[in-house]
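The values are calculated or read from the model by the stated rules, or taken from the named source; none is laboratory data. Note that this is a predicted model, so its numbers are computed, not measured. For neighbour counting, all protein chains shown are included, and Cβ atoms are generated from backbone atoms with ideal geometry for every residue, glycine included. Note: accessible area is taken over every heavy atom of the protein model, side chains too, but ligands, DNA and RNA are not part of it. Shrake-Rupley method; radii C 1.70, N 1.55, O 1.52, S 1.80 Å.
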Amino acid sequence: KVSSKTSRIKSDLLLMSFTRRLPGAPVAIAGTKPWLHGHVLASSGIADLDAIIGGGYLLGSLVLAQEDQHTRYIDSVVRHFLAEGVLCGHTTLLVGRGNLKRIVDGLPQPASAAPLPEEKHAQPTPTQDVDSSLKIAWRYKDFVKAGPGAGPSPPATYCHAFDLSKTMSADMLASNPVSILDLSDPSTSVLLSIREALRQAKESNTVLRVVLWGLGSPLWCSSPAFQGQTMPSFLYSLRSLLRGSTTVALVTTPSHLLSVPELKTLQHQSDLVFAVRSFTGENDSGAERAFPDYHGFLQLFKLPRLHSLTALLPDTFNFLIQIRRRRFVVEPLHLPPEDSSQAETDPRAPGSVTQLMCAPGPRGTNNKLDF
C-alpha cells in the first residue's frame with residue numbers, strides 16, 4: 001500500500017510539474033547568422049558597414065540609403081549588396097527605371113585569397129606533438145585532439161571580400177542571375193512582384209534581397225507602375241510584407257530632390273537609415289583639406305530596433321568613406337588637431353611646434369620666455 005501510494009504521488013507530481021517549452025532551432029540559411037532577440041542578419045557585402053550597424057541587415061527590415069547629388073557612391077553600396085546575394089545563393093531583385101543593366105554589369109568580383117607559399121618542412125599539428133607540448137596541463141590533451149570536429153562545424157563565409165578593380169564574370173552571374181523589374185511596363189505591380197518573389201524564396205528556404213533604386217526620383221514617380229501611390233503609403237505596404245520574412249529591402253532615394261518633410265516621413269517609415277555624401281560639390285572645402293585621403297561621409301540617422309525597446313548605440317554616427325582600388329572602406333570620423341594645416345605651413349602660427357618650444361615669437365611681442 002505504501003509503495004502504491006508513493007507511485008501515485010510521483011505520478012501526480014509529474015503531471016503538475018512545469019515543463020518549459022523551448023522553441024525549435026531555426027533552420028540555418030546560407031549567408032546569414034543569428035543575432036539578438038531571435039533576429040537573423042544578412043551581410044551588406046561591406047565588412048566595415050556591417051560592423052557599424054550591428055553586424056548586418058536584419059531580415060524583415062527596410063533599409064533607406066540617401067543618395068548623393070554629385071557622385072554615385074551609393075551605387076557601390078548597392079552593388080556590394082547584390083554581389084553578396086549572388087555568392088550566397090540568395091534571390092536578388094532589382095526594381096527601378098532607367099539603365100539598370102549597368103548596375104548588374106558592374107558587380108564587383110570576389111577577391112580570391114592568395115595561395116600560401118609551400119614550406120620545405122611541414123609544421124607539426126597540435127595532435128602530433130600534443131604529448132610533448134602538454135606535459136603540465138595534460139588533461140587538455142583530449143580537448144586538443146578533439147579539435148573542431150567535437151563542436152559545431154565552422155560557419156560558411158558570411159561577408160565576402162570583393163575586388164573593385166574587376167567585375168563579376170558572366171559565368172558567375174549566370175549561376176545565380178539578378179532579376180530586374182523595369183517600371184516602364186504599365187502592367188508591372190511592384191508589391192505583387194515582391195510578394196511573389198517572397199513566396200518563392202520562402203519555399204526554397206533562402207533570403208530575398210530587394211533593391212528599389214531611385215525611389216522619389218522623377219523616373220520613378222512618372223512610371224506607370226507607380227501611378228496612384230504615394231511614397232509613405234508604398235513604404236508602409238512594403239514594410240508590412242517584409243515583417244516576419246527572410247527578406248531585406250534596400251531603398252535608395254535622392255534626398256536632394258525631396259523636401260525636408262518628405263524625407264523625414266521616409267525615414268520614419270524605414271528601419272535603418274544612412275546617407276552617403278561626398279566632398280565633391282561642397283560649399284566649404286575644409287572637409288576635403290582636413291581629410292585628404294578620404295572621399296566623403298557616411299552618416300547614420302536611424303538604427304533598427306525590432307522586437308526591442310532600444311537600438312544599438314554606436315560610439316559615433318559620423319564616418320568617413322574611402323574608395324580604394326580594391327576595397328570600399330568605412331572608418332570612424334576623427335577630427336584632426338585644430339589649426340594643424342596652418343601650423344605645418346606657418347612656423348609662427350599659434351599651435352605650431354616653434355611656438356610650443358622656447359623659440360622667439362612674432363615681431364612686436366614681448367615674451368619673457370624668448371631668448
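Things worth noting here:
- Protection proxy ranking, highest mean first, for peptides 91-100, 190-199, 167-176: 91-100, 190-199, 167-176, where packing is the per-residue count of other beta-carbon atoms within 10 Å, averaged.
- Here the label points at Asn205 and Ser189, each 7 Å from Cα along the C-beta direction, are separated by 3.1 nm in the simple model.
- Classification of region 211-269 by its C-alpha gyration tensor yields a prolate form. The axis ratio a/c (a ≥ b ≥ c) is 1.5 or more, and a/b outweighs b/c.
- With all protein chains in place and ligands, DNA and RNA left out, the 1.4 Å accessible area ranks His70, His160 as His70, His160, largest first.
- Dimensions of region 48-106 based on its C-alpha atoms, expressed as ranges along the principal axes with the largest first, amount to 32, 29, 19 Å.
- Per-peptide average of other Cβ atoms within 10 Å, ordering 58-64, 301-307 highest first: 58-64, 301-307
- Region 156-289: C-alpha gyration tensor shape, a/c 1.5 cut-off, then a/b vs b/c: oblate
- Bridge type composition, region 201-318 - antiparallel percent by DSSP, nearest 5: 60 percent
- R0 of 25 Å, Cβ-Cβ distance Glu288-Asp163: FRET efficiency to nearest 0.05: 0.40
- Most to least accessible of Tyr57, Tyr73 (protein chains only, probe 1.4 Å): Tyr73, Tyr57
- Ranked by how many other beta carbons lie within 10 Å on average, peptides 319-325, 271-277, 45-51 from highest: 271-277, 45-51, 319-325
- Distance between the modelled labels on Ile180 and Thr280, one decimal in nanometres: 2.3 nm (7 Å Cα→Cβ projection).
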